[in-house]
Amino acid sequence: MKQVYSEDLVLRVNELFYDLIDDQYDDVHREMEGAELKRWRENVARYLNTTDPLTIADIGSGSGLVGTMIAPMLKRGDLFICADLSSGMLERAESALRKPLLQCRLDFRKIERGTPIRLPFDDGTLDAVTMNSVLHHIKETEEFLREIDRVLKPGGLYFLGHEPNSRFVESRVLRLNYAILKGLLMPRHTLIKASHRLGLYPLMLRLYHAVRPAKRSRGLAQLGTINSTLRAEGLIERDLTFEEIAGITDIRDSEGFDAQQLYPGFEPLSLETYNHMLLISIKHGDRSLVRNYESILRRRYPDRGATFFAVFRKHDSSSHT
């Protein structure tokens, strides 16, 4: 039976998890950077092309991925703000963005955990909000989108990158296609999934940790820290497993979002869906066969890629309801 987790628990697990893996985050998400760089820069150049000074906040900035991609494009007088729940991630973002010589000003703000989330900005003070691979970590997305609405100026822009697309989840054809290809091209993932169904995953995990004891030691230490903190704060009564923590951090990943219905109070300016073979597209997209087949699927199912990138504009009198 699917577990029900409170928003407070979801936010706290995300905060603790990313504080603990801040030095591993770039390695885990490195494949994302190359694929997203061109997309982010093209959209920012298209929609933020103005001589007026801009205030832009990157929410859930992580190690500064979006900032390193678009801050060099900003001009003198612009302000780029990184905001995150994780103090460890904010430190990494600051380290990454302080190195290059940028024309824009920088600021770094901690998002304090609370239900509902309250972003550290006054009403109507931001020209743009950027987010990359963040929204699916938030359980109460409706409340969060109202918060985005609150901090944006009338006519402000909301850039939402690398989020799961519910139209892919609902497509039996694409899910079957992905399952078959994953079995052929990514047998390790297929083996892990089969071991879960057969109840053999704990045994496989023990065998893996026997071969890689250093990873086991670090993973157990991180798990213990998260569980002891959650118990002390009264958020759990029993310890969480690795699998539960993974599910909590990516709380909305398996269902995704319909970008065309996501933000009815805003005007959709741009929508692109991609990764029609999910992990295969991400991890093996440099193979010509995979790249060509992805192109075929994109033409056939333009709105059903597993991932989407969207840009929305807040109407001059917008109020998200």
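Taking a straight Cα-Cα cut-off under 17 Å and skipping sequence neighbours fewer than 8 places away in the same chain, the aspartates and glutamates within cross-link reach of Lys314 are Asp58, Asp122, Asp123, Asp127, Glu142, Glu143, Glu147, Asp149, Glu267. At the residue level, Lys283 shows approximately 100 square angstrom of accessible surface with a 1.4 angstrom probe and all protein chains present. The packing ranking, built from the mean of other Cβ atoms within 10 Å per residue, places the peptides 304-311, 162-169, 120-127, 148-155 in the order 304-311, 162-169, 148-155, 120-127, highest first. Give me the percent of the accessible area of region 241-290 that comes from carbon and sulfur atoms, probe 1.4 Å, all protein chains in place. Answer for region 241-290: carbon and sulfur cover 52 percent of the accessible area.
The slack between Glu233 and Asp122, meaning 0.36 nm per residue of separation minus the straight C-alpha distance, is 37.0 nm.
Cross-linked pairs Lys139/Lys182; Lys38/Lys75; Lys38/Lys99; Lys38/Lys182: Cα-Cα separations exceed 24 Å for Lys139/Lys182; Lys38/Lys182. Rounded, prolate or oblate for region 260-321? Axes are the square roots of the Cα gyration tensor eigenvalues, ordered a ≥ b ≥ c, and the cut-off for rounded is a/c under 1.5. Cα axes put region 260-321 in the prolate bin. For region 94-131 and region 244-270, compute the distance between their C-alpha centroids and round to whole Å. If you average the Cα positions of each part, the centres end up 21 Å apart.
The values are calculated or read from the model by the stated rules, or taken from the named source; none is laboratory data. Everything numeric in this text was worked out from a predicted model, so none of it was measured. Using ideal geometry, Cβ is built from the backbone for each residue, glycine included, and neighbour counts are taken over all protein chains shown. Protein only, heavy atoms only, side chains kept; ligands, DNA and RNA dropped before computing areas. Shrake-Rupley method; radii C 1.70, N 1.55, O 1.52, S 1.80 Å.
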